[in-house]
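Take a look at the structure set out below.
Here, each number is a calculation from the coordinates, and none is a lab measurement. What you are looking at is a predicted structure, and each value in this text was computed from that prediction instead of being measured. Cβ placement follows ideal geometry from the backbone for every residue including glycine, while neighbour counts extend to all protein chains displayed.
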Amino acid sequence: MSDAAILLQGGRVIDPSRDLDEAADVLIQDGKIAAVGRGVSAPPGATVRNVTGKVVAPGLVDLHVHLREPGNEDEETVASGARAAAAGGFTAICAMPNTDPVTDNQAAVGFIVRQSGRAGGARVHPIGAISIGQKGERLAEFGEMASAGAVAVSDDGKPVVSSHLMRTALEYARTFGIPVADHCEDPALAAGGVMHEGLVSTRLGLKGIPSAAEEIMVARNVLLAELTSGHVHLCHMSARGSVAIIRDAKERGIKVTAEVTPHHLTLTDYACEEYDTHAKMNPPLREAADVAALRGGLKDGVIDCIASDHAPHAYDEKEAAFDDAPFGIVGLETAFAVAHTELVSAGVFTLPDLIKRMSTAPARVFHLPGGTLAPNAVADVVVLDPSAKWTVDPGAFHSKSHNSPFAGRALTGRAILTIVAGAIVHEL
Amino acid sequence: MSASSTLGKDLTGLEHMTPEQIRLILDTAEPFKEVSERPIKKVPALRGKTIVNLFFEASTRTRISFEFAEKRLSADTVNVAATGSSVSKGETLVDTAKNLEAMRIDMVVIRHGSSGAAEFLGKRIASNVINAGDGKHEHPTQALLDLLTIRDKHGKIEGLKVCLVGDVLHSRVARSNLWGLTKLGADVAVCGPWTLMPRGIEELGVTVFGRVEEAIEWGADVLNVLRLQLERMEKGFIPSLREYYRVFGVTPERLERSPKPITIMHPGPMNRGVEIDSRVADGAHSVILDQVTNGVAVRMAVLYLLAGGRAELADAAKRAGGGGASE
């Protein structure tokens with residue numbers, strides 16, 4: 001935590017938590033937002049930064065990352081992930097529990113919290129497992145994990161197959177006020193699949209995963225949320241049918257929230273052509289009509305937020321035949337720029353819309369600090385340069401892994417300053 | 001010779017080939033047919049070339065056919081039978097590729113259980129790569145020999161009605177045939193149980209039938225009967241082999257509905273009494289053994305052309321004397 005005050009002067013301040021979009025100064029003092037307004041004067045000893053032409057916003061929040069610590073520290077650690085996040089403009093990220101061993105108890109959750117404290121990048125909030133060992137059998141200790149710092153529970157990476165277990169998790173989590181996040185996939189329908197089932201999988205001779213594999217579980221989860229009055233959070237939505245089911249559920253007042261990744265908003269199954277393993281992820285990239293429905297859902301709030309599903313893998317794991325390569329791509333350092341380029345620069349979204357979906361909305365979904373520039377709020381702030389043009393070079397990532405489908409892509413928009421609790425954690 | 005009539009470095013599939021390239025291979029195969037009919041079945045076209053037959057999946061017919069083709073062109077060949085081990089296949093493939101390259105070989109013929117494996121290898125080594133079947137993706141030399149056999153039998157391919165019957169979902173033979181046939185102007189249909197039809201197949205310009213009877217009524221000139229892998233029953237795609245034969249088997253009774261004789265093909269190995277009735281397989285209109293014979297000639301043509309041989313020299317190359325391949 002920085003003692004020195006910081007005054008961000010002359011920027012365009014966008015704070016979706018208060019529908020604010022205006023030229024203003026932002027003063028950060030004692031780790032908190034001290035003032036937002038015109039002509040704010042710098043207290044003695046303050047660092048003054050002229051951010052004219054730049055955007056000052058609440059720091060970005062990512063509800064879905066995989067940090068591989070403990071277990072696969074060669075691919076990512078809490079520290080390297082927190083640095084990558086800060087470089088991408090994120091001030092808070094939520095780490096999925098599919099580590100080795102699984103983060104399914106208070107000691108394991110406490111380990112992530114301590115590693116996060118040492119890391120000094122973005123805040124890392126642990127997500128605890130739903131079931132012990134993510135085996136889908138017995139509930140993990142939600143109460144102790146929540147006390148130790150878990151902000152949600154999830155068996156992500158694996159779907160919760162048993163509807164009974166999902167029901168129990170939704171009921172039990174209510175006591176602690178934490179959402180239950182599910183990777184929605186019917187494992188029998190998706191078995192052996194490596195990409196979206198459609199024309200492209202037919203041509204490539206690869207086993208497909210039909211959209212129905214996701215939609216069935218989305219529908220089930222919605223029904224169980226209705227049954228239990230619990231809060232279900234649906235991870236990385238990919239199919240247009242899912243958007244329709246969530247829309248209907250929200251209209252009926254069911255407590256359901258959902259996220260979508262930058263890649264599902266911008267790429268289709270055609271990215272798998274030539275067996276490019278950097279286009280292999282689960283859920284798979286689907287069709288243009290799905291991309292359109294996901295964008296529509298994000299725009300009208302049916303889908304609450306963008307999450308990266310940052311999934312680091314060693315380079316040689318992806319250097320394999322498509323069937324043999326692991327699912328997943330890194331995303332922390334490209335998420336904002338990809339979304340900004342494809343959605344804002346292309347005129348689909350406004351910049352305040354995008355910041356809402358990458359900061360204010362996700363912070364609310366998991367009840368996290370941040371996502372706002374309201375006075376006295378924690379000073380998690382990002383300064384964005386919406387006109388910065390850059391080319392993605394995975395070799396320059398802070399992440400330990402480089403498995404990105406956006407390598408070589410020319411993008412517009414970038415975080416140039418990231419501040420967590422009043423301390424600068426990234427500066428370009 | 002136009003630029004499009006050269007084959008490039010690898011033969012990984014027919015999807016991205018031009019009709020001219022496919023015709024070039026078929027035309028080049030013609031003079032090579034005669035080599036196998038001689039008492040001394042050898043020409044010096046690929047003398048000094050080293051070819052590795054890298055088979056990650058079991059194969060008898062295709063591997064032997066390639067080996068004969070290579071030997072009749074005087075190449076030096078090595079057979080590697082690598083079966084999938086507990087080691088990740090992808091890692092093995094990368095390392096295998098690097099090791100082969102280090103031994104300074106000229107060509108690799110690869111069969112692998114993963115779709116895209118041949119393309120993967122081709123991008124990583126300088127040698128020519130020939131796909132002898134990759135997962136459910138393509139089996140281009142099988143389709144080429146099928147095309148040659150159809151052309152021999154009917155004198156043309158354009159305008160013919162050809163139906164692929166059976167397990168299209170899992171069939172690399174079906175995919176390669178579909179590309180080759182449509183590129184050469186045939187009217188293509190597929191037929192089989194809906195559990196064995198891949199999604200979106202109709203968008204590839206083929207007619208889809210649920211029953212063999214419909215394909216016959218459609219006026220099929222050729223039925224190419226696909227092998228039904230016996231594990232499809234275990235995996236639940238069909239209830240029993242018995243019912244498969246009764247509903248989808250190509251039988252004389254079904255063929256009798258056609259006013260004209262229908263040419264019968266099968267890529268082998270056959271399951272007699274499952275996808276094809278023995279009386280049909282051994283019948284007067286079966287060209288199943290002609291397919292096998294043509295396989296050697298087509299593979300000689302592919303090897304010859306990829307090694308840099310010129311089509312117009314193929315005739316000369318098959319005569320004794322100087323090879324055309326190294327020009």
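Both the radius of gyration and Dmax for region A:138-192 are 12.1, 38 Å, in that order, over alpha-carbon atoms.
Rank these for me by crowding, A:Cys305, A:Cys235, going from fewest to most other beta carbons within 10 Å.
Working: A:Cys305 27, A:Cys235 24.
The fewest-first ordering by Cβ neighbours comes to A:Cys235, A:Cys305.
Work out the charge dipole of region B:129-185 with +1 on the Cβ of Lys and Arg and -1 on the Cβ of Asp and Glu about the Cα centre, then indicate which of B:Leu184, B:Ala143, B:Val129 is farthest towards its positive end. The one lying farthest along the dipole's positive direction is B:Leu184. Excluding same-chain neighbours fewer than eight residues apart, the aspartates and glutamates reachable from B:Lys153 by a Cα-Cα span under 12 Å are B:Asp221, B:Asp290. Each part reduced to its alpha carbon centroid, region A:298-335 and region A:123-200 end up 18 Å apart. State the percent of C-alpha pairs, over all pairs in the protein assembly as shown, separated by a distance greater than 51 angstrom. Pairs farther apart than 51 Å: 27 percent.
I'd like the mean, over residues of B:202-211, of how many other protein chain beta carbons sit within 10 Å of each residue's own Cβ. Don't skip to the answer; put the middle values down first.
Details: counts 1, 4, 3, 0, 0, 0, 0, 0, 0, 0.
What the average comes to for B:202-211 is 1.
The angle separating the long axis of helix B:19-33 from the principal Cα axis of greatest extent in chain B is about 80 degrees.
What angle, in degrees between 0 and 90 and rounded to the nearest 10, separates the Cα long axis of helix A:211-228 from the longest principal axis of the Cα atoms of chain A? It is inclined by approximately 70 degrees. Measuring from centroid to centroid over Cα atoms, what is the spacing of region B:267-289 and region A:230-244 in Å? Between the Cα centre of region B:267-289 and that of region A:230-244, the gap is 50 Å.
Could you list the trypsin sites (Lys or Arg not before Pro) in region A:170-254 that lie in coil according to DSSP, counting only those with at most 10 other Cβ atoms within 10 Å of their Cβ? Mind dumping the intermediate values first?
Values: sites: A:Arg174, A:Arg203, A:Lys207, A:Arg220, A:Arg240, A:Arg247, A:Lys250, A:Arg252; in loops: A:Lys207, A:Arg252.
Taking region A:170-254 and a limit of 10 other Cβ atoms within 10 Å, the loop trypsin sites (Lys or Arg not before Pro) found are A:Arg252.
Angle of helix A:106-119 to the longest C-alpha principal axis of chain A, folded into 0 to 90 degrees and rounded to 10: 40°. Remark: mean inter-chain Cβ contacts per residue of B:166-173 equal 1, using a 10 Å Cβ-Cβ cutoff to other protein chain atoms.
Placing pseudo-labels 7 Å out from each Cα toward the beta carbon at A:Ala107 and A:Ser41 gives an inter-label distance of 5.7 nm. Expressed as a rounded percentage, what relative contact order does chain B have, with Cα pairs under 8 Å and six or more residues apart? In percent, rounded to a whole number, it is 22.
In this label model, B:Arg47 and A:Ala292 are separated by 6.4 nm, measuring between points 7 Å along each Cα→Cβ vector. Given R0 = 51 Å, the distance between the Cβ atoms of A:Lys32 and A:Ala188 translates into a calculated FRET efficiency of 0.50.
Over region A:257-344, one equal point on each Cα, no solvent: what is log10 I(q)/I(0) by the Debye formula at q = 0.17, 0.24 Å⁻¹? Ignoring solvent entirely, the Cα scatterers give -0.71, -1.25. Per-residue Cβ neighbour counts within 10 Å put A:Glu137, B:Glu138 in the sequence A:Glu137, B:Glu138, beginning with the fewest. Listed from fewest to most Cβ neighbours within 10 Å, the set A:Tyr315, A:Tyr270, B:Tyr304, A:Tyr275 follows the order A:Tyr315, A:Tyr270, A:Tyr275, B:Tyr304.
Close amide-amide hydrogen proximity is noted between A:Ala258 and A:Leu234, A:Asp304, A:Cys305, each under 5 Å apart and 5 or more residues distant or on a separate chain (H modeled in the peptide plane; Pro and chain starts excluded). Compared with the direct C-alpha span, the chain from A:Ala407 to A:Ser162 gains 84.3 nm at full extension, assuming 0.36 nm per residue.
If I stretch the segment between B:Arg279 and B:Thr6 completely, what's the gain in nm (0.36 nm per residue apart, minus their alpha carbon distance), one decimal?
Extra length from B:Arg279 to B:Thr6 when fully extended: 94.1 nm.
Classify chain A as rounded, prolate or oblate, taking a ≥ b ≥ c as the square roots of the eigenvalues of its Cα gyration tensor: rounded when a/c is under 1.5, otherwise prolate if a/b is larger than b/c and oblate if not.
Values: a/c = 1.57, a/b = 1.36, b/c = 1.16.
Cα axes put chain A in the prolate bin.
Per-peptide packing, taken as the mean over residues of other Cβ atoms within 10 Å, places B:196-208, B:219-231, A:333-345 in the sequence A:333-345, B:219-231, B:196-208 from highest down. The simple spin-label model puts a point 7 Å past each Cα toward its Cβ; for A:Ala396 and B:Ala58 those points are separated by 5.4 nm. Shielding by partners for peptide A:310-322, expressed as the average number of C-beta atoms from other protein chains within 10 Å of each residue's C-beta, is 4.
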